[in-house]
Amino acid sequence: MAKKQYAVIGMGRFGSSIATALSEMGFDVLAIDSDEQRTQEMSNIVTHAVSADSTDEEALRALGIRNFDVIVVAIGEDIQASILTTLILKDMGVPALVVKAQNELHGKVLHKIGADKVVYPERDMGLRVAHHLTSPNILDYIELSKDYSILEMKAADSMIGKNLKELDIRARFGCNVMAIRRNQEMNISPYAEDRLESGDVLIIVGHKDDLTKLELAFAA
């Protein structure tokens, strides 16, 4: 089976980090930016790095952009260029299109014009930092949808020595413990009798309001 090929448009901090990560994973990556210095900096990292205007349809066609399995539009502040690039790529019939959005309104427009997936890197990172600040036990916070998220939480001192039945997280907070990670071992669908030890990490899913209540309850 042939390796997937990726094209990343926009070599700002977000785009260049994606292109670098994909390249390190062994995939063929085409990096595109209108700034020649940025593409020059990526030339030794990715398979190909090209300076081109992504709002120029002919330039994109000349690069054979339709041959790539996934295209990531990671254009920074220029919302107009982001939207126009997305429109051109959808019109060209690219297989899968992932686009970075600056805000909710930008994201709605991108969905309407055909983006297959819209990502909000600044917002998501802000959420993760905010959750970590409010509770030192929170290791990660991932939004699944507008209302539901997954929380990765280090077992609080008040949890240690108790089993899941005694903690009663589902009844008290309406959240479900999906897994417990102990050292490098992952316990999927743990039993009610499973007792928590120091250093355990709980993976919990629930409504974001319920997760916030849970965080605050075990923040100390």
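Some values worked out for this structure:
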quantity: Index of the failed condition, Ser34 passing every other in (1) touching a residue at least 24 places away in the same chain (Cβ under 8 Å); (2) of a type in the set (Gly, Ala, Ser); (3) within 11 Å of Ile9 (Cα to Cα); calculated: (1)
quantity: Residue among Leu216, Leu151 that is in a helix (DSSP H, G or I) and closer than 18 Å to Leu127 by Cβ; calculated: Leu216
quantity: Scope segment 1-33; condition charged (D, E, K, R), part of a loop (DSSP other than H, G, I, E, B) and exposed (fewer than 13 other Cβ atoms within 10 Å of the Cβ); matching residues; calculated: Lys3
quantity: Close pairs from segment 166-194: first assigned by the TED database to the domain that holds His207 and closer than 19 Å to Lys208 by Cβ, partner surrounded by 12 or more Cβ atoms within 10 Å (Cβ to Cβ) and of a type in the set (Asp, Glu), Cβ under 7 Å, at least 6 apart; calculated: Phe173/Asp210; Gly174/Asp210; Cys175/Asp210
quantity: Residue match in segment 115-122 (condition: out of contact with any Ser or Thr (no Cβ under 7 Å at 6 or more places or on another chain) and small (Gly, Ala, Ser)); calculated: no
quantity: Single unsatisfied condition, Thr39 versus (1) touching a helix residue (DSSP H, G or I) at 6+ places or on another chain (Cβ under 7 Å); (2) at pLDDT 95 or above; (3) not in a strand (DSSP E or B); calculated: (1)
quantity: Enumeration of residues in segment 110-141 that are touching a strand residue (DSSP E or B) at 6+ places or on another chain (Cβ under 7 Å) and at pLDDT below 85; calculated: Asp124, Leu127, Arg128, His131, His132
quantity: Number of the condition not met by Ser54 [criteria: (1) without any contact (Cβ under 8 Å) to a residue 40 or more places away in the chain; (2) outside any strand (DSSP E or B)]; calculated: (1)
quantity: Hits in segment 52-62 (condition: out of contact with any strand residue (DSSP E or B) (no Cβ under 6 Å at 6 or more places or on another chain) and crowded, with 17+ Cβ neighbours inside 10 Å); calculated: Thr55, Glu57, Ala59, Leu60
quantity: Residues (exposed (fewer than 12 other Cβ atoms within 10 Å of the Cβ) and either farther than 19 Å from Leu216 by Cβ or of a type in the set (Val, Ile, Thr) (or both)) located in segment 144-164; calculated: Leu144, Ser145, Lys146
quantity: Among (1) in contact with a helix residue (DSSP H, G or I) (Cβ under 7 Å, 6 or more places away or on another chain); (2) part of a loop (DSSP other than H, G, I, E, B) - the single one Asp210 does not satisfy; calculated: (2)
quantity: Hits in segment 34-51 (condition: surrounded by 14 or more Cβ atoms within 10 Å (Cβ to Cβ) and among the small types (Gly, Ala, Ser)); calculated: Ser34, Ala49, Ser51
quantity: Segment 74-100 residues that are polar (S, T, N, Q), paired with ones that are buried (at least 18 other Cβ atoms within 10 Å of the Cβ) and part of a helix (DSSP H, G or I) (beta carbon under 8 Å, 6 or more apart); calculated: Ser82/Leu110; Thr86/Leu110
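The values are calculated or read from the model by the stated rules, or taken from the named source; none is laboratory data. Since the model is a prediction, treat every value here as computed from it, not as a measurement. Positions of Cβ are generated from backbone atoms using ideal geometry, with glycine treated the same way; all protein chains shown enter the neighbour counts.
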